[in-house]
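A.B. asks: So that we are looking at the same thing, I have put the structure below in structure tokens.
Bear in mind these aren't lab numbers, they're just calculated from the coordinates by the rules spelled out. Predicted model, so just to flag it, every value in this text is computed and none were measured. Cβ placement follows ideal geometry from the backbone for every residue including glycine, while neighbour counts extend to all protein chains displayed.
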Amino acid sequence: MRILQQHVEFIEFEPIKKEIALAEEAQKIKSRYENTLVLFTTVEKGDDEQIAIKAISEAKEFLRKLGINKLLLYPYAHLSSNLSSPSDALRLLGVMEDEAKKEGIEVFRAPFGWSKQYSLKIKGHPLAEQSRNYSNAAKNVAQIIIDKKAIKETRKASEDEMFARIRKSDFAGLPETDHRIIGEKLDLFSFQEVSPGMVYWHNNGVILFNTLKSFIREELAKQNYLEVSTPALANTVLWGVSGHSDHYMEDMFLTKLGDEEFGLKPMNCPSTFLVYRSRKWSYRDLPVKMSDFDPLYRNELSGVASGLFRVKILTQDDAHIFTTPEKAGETITELLELLERMYRVFGLTHKIKLSTMPDSHMGSEEEWKIATGILENAIKAKGLKYEIKEKEGSFYGPKIDIDIKDSIGREWQCGTIQLDMQMPKRFRLSYVAEDGKEHTPVVIHRAIYGSLERFIGILIEHYQGKFPTWLSPVQAKVISISEGANDYASKVYHELKDSGMRVEIDVSDKTLEYKIREAQLMKVPYMLIVGQKEMDAQTIAVRTRSGGQKFGVKVEEFIEKIKVENETKVSGAN
């Protein structure tokens, strides 16, 4: 059973057409549910009542965390190609509905067996969308591995079966525009059943990942950020001090070292506070800006069904700015400018939301009022439109969330600016003010990409794999027309590579049409064709992935063109 679980502000759906004989009776009218947990559910072969009951048990626990009690079961056959029979699916959906009612949950059902039109708006908090996989495939792989170690005579067929399972794509049936399909085709990443919800980055994906990091690192260097890095593992006492233990411990990976409990860090702020505490600071030093690109670990029961949009190991372009209360507004204005500047490079549209004090929070209402006012004034000073998200701030402070629209109109919370007056006090952070006394700074938590994994997923769909030249894992491919031009092709390749360009070469005996088609499928911005004519003239023929061509181009001229595109972030290839 595969479930895409979404906490929605609202969902509307209307049955359009019966698709199977076993379709339930339903009226062709629009239904709407607000502040509801939706389970988009695909029932697979081998699923049983125990799996159905477990799914409802976990949903009940999540409803408790959310403080709501409305559940919508939505039959959704698009999460897997391993579908059960319609009769089994209908029966298990009924089991889920009955179990939810037994648990006192207010449960609703979208009709089974119908094509339906729907629209929804997902909540802005980090756990609003999760995927869950209740199949036993990963267990089966582990058992095969154990058997292989235990029985030396394991047949080659069993070994092949193991690796076939591990490599199996879960993306069958997805549209060609989905980032998971494009990512596989461009050899960016894969997901493996032995590491559910975790990304296996391939070389092309690592290049894309590191290019994005380099871009923002360059921006941060201009603004005097200090990059830090802290251990992945820390005693859970640390999260007791920060207050996260009351709000986040259930979503952490925990382990024992001796008699003490340790956890993999799900966020950077507590560790960064310890770096700040390691020396004395004057008001003249402030604001102190510390950036961090360490991996974070969140046990959110996420999985491959959401691809890069929801993973258990993620990297944020994280930063914490320590400043005086008086300088906070000015710093937030600068951050809003940075956000706008960065998103403009990618051509992404976004909206701003101001999230206010939740019911469960640290600090006094007066402090929250002051902090919220500072954020709101900074937004107004920039003349930006925004909406209020009541009670959706972090437990330690109000925040500005930046939602980016993806290619099918879904909104993803990426950037964030959070004003924190609480944790600095808990960690006894201080600076020496003009009066010679120690004062407590405020901390601004901020991210621009947010999760780089999610941001890359959004960019893949936004560009449909046709990345601008500066971002493309491979910027150009040198293609020889014949064997006689191979040496010249190699010379051009090395000249481009020495210039710092990300370039590949194809001097195989395949046809020219095949080589060009192969490069186009990999969305390479430029194909550089060389034959006898180009070799004699010491030039190249430049072909763009959209089909445009230019002949007689000097190699140094093309190198200069790519340098300009890298610097301006504007691609000449469509």
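A.B. asks: For Val194 paired with Thr236, estimate the spin-label separation in nm (one decimal), with each label point 7 Å from Cα along the Cα-to-Cβ line.
C.D. replies: Roughly 2.9 nm, to one decimal.
A.B. asks: Report the local net charge at Asn486: Lys and Arg +1, Asp and Glu -1, summed over other residues whose C-beta lies under 12 Å from its C-beta.
C.D. replies: Residues near Asn486 contribute -3 overall.
A.B. asks: To make sure I understand, if each residue's beta carbon is the centre and we count other beta carbons within 10 Å, what order do Glu9, Glu453, Glu565, Glu390 fall in, fewest to most?
C.D. replies: Glu390, Glu9, Glu565, Glu453
A.B. asks: Multiplying the sequence separation of Val570 and Lys554 by 0.36 nm and subtracting their Cα-Cα distance, what value in nm do you get?
C.D. replies: My answer for the length gained is 3.7 nm.
A.B. asks: Within 10 Å, count the other beta carbons around each residue, average over each peptide in 275-283, 84-92, 290-298, and list them highest first. Don't jump to the answer; show the numbers that get you there.
C.D. replies: Values: 275-283: 13.1, 84-92: 16.8, 290-298: 19.4.
In descending order of packing, they fall as 290-298, 84-92, 275-283.
A.B. asks: Then there is this: Once you have a ≥ b ≥ c as the square roots of the Cα gyration tensor eigenvalues for region 476-568, tell me rounded if a/c is under 1.5, and otherwise prolate or oblate according to whether a/b is larger than b/c.
C.D. replies: Oblate.
A.B. asks: Here's a follow-up. With a Förster radius of 35 Å, plug the Cβ-Cβ distance of Glu227 and Leu83 into 1/(1 + (r/R0)^6) and report the FRET value to the nearest 0.05.
C.D. replies: Working: r = 48 Å, r/R0 = 1.37.
Once rounded, the FRET efficiency stands at 0.15.
A.B. asks: Sorted from largest down, give the three principal axis spans of the alpha carbons of the chain, whole angstrom values.
C.D. replies: The Cα atoms of the chain stretch 78, 76, 58 Å along the principal axes, largest first.
A.B. asks: If the reach is capped at under 29 angstrom between alpha carbons, list the lysines near Lys116, excluding any in the same chain fewer than eight residues apart.
C.D. replies: Partners within reach: Lys17, Lys18, Lys28, Lys30, Lys45, Lys54, Lys60, Lys70, Lys101, Lys102, Lys351, Lys405.
A.B. asks: Quick one: of Lys353/Lys380; Lys477/Lys510; Lys477/Lys515; Lys121/Lys369, which pairs are farther than 20 Å apart, Cα to Cα?
C.D. replies: Lys121/Lys369
A.B. asks: List the aspartates and glutamates whose Cα sits under 20 Å from the Cα of Lys554, skipping any in the same chain fewer than 8 residues away.
C.D. replies: Asp487, Glu495, Asp498, Glu504, Asp506, Glu534, Asp536, Glu565
A.B. asks: Using the C-alpha gyration tensor of region 2-135, what are the square roots of 5 times its eigenvalues, in whole angstrom, with the largest one first?
C.D. replies: Square roots of five times the eigenvalues give 21, 18, 14 Å.
A.B. asks: Can you list the aspartates and glutamates whose alpha carbon is less than 14 Å from that of Lys425, not counting same-chain residues fewer than 8 positions off?
C.D. replies: Correct list for Lys425: Glu367, Glu438.
A.B. asks: Subtracting the Cα-Cα distance from 0.36 nm times the residue separation, let me have the gained length for Lys497 to Asp98 in nm, one decimal.
C.D. replies: Going from the current span to full extension adds 137.3 nm.
A.B. asks: Turning to a different aspect of this structure: For Trp114, enumerate residues with amide H under 5 Å from its amide H, sequence gap 5+ or separate chain, H modeled in the peptide plane.
C.D. replies: Under 5 Å from the amide H of Trp114: Glu19.
A.B. asks: Residues in region 407-445 near a label at Lys280, defined as backbone nitrogen under 18 Å from the 7 Å Cα→Cβ point?
C.D. replies: The answer is 428-441.
A.B. asks: With n ≥ 4 as the cut-off for DSSP H runs, can you work out [θ] at 222 nm for the chain, using -39500 (n - 2.57) per run divided by the number of residues, rounded to the nearest 500?
C.D. replies: Computed ellipticity for the chain at 222 nm equals -11000 deg cm²/dmol.
A.B. asks: Order these peptides, 344-351, 516-523, by their mean beta-carbon neighbour count within 10 angstrom, highest first.
C.D. replies: 516-523, 344-351
A.B. asks: Let me know the shape class of region 449-519, please: from the alpha-carbon gyration tensor, a ≥ b ≥ c as square roots of the eigenvalues, rounded when a/c is under 1.5, otherwise prolate if a/b is greater than b/c, or oblate.
C.D. replies: Judged from the Cα gyration tensor, region 449-519 comes out oblate (a/c at least 1.5, b/c at or above a/b).
A.B. asks: Could you please report the charge total around Ser364, scoring K, R as +1 and D, E as -1 over all other residues with beta-carbon less than 15 angstrom from its beta-carbon?
C.D. replies: -2
A.B. asks: By how many nm would the segment from Glu337 to Glu9 lengthen if fully extended, with 0.36 nm per residue of separation less the alpha-carbon distance?
C.D. replies: 115.2 nm
A.B. asks: Please compute, over every Cα-Cα pair in region 215-463, the percentage with a separation greater than 26 angstrom.
C.D. replies: More than 26 Å apart: 39 percent of the Cα pairs in region 215-463.
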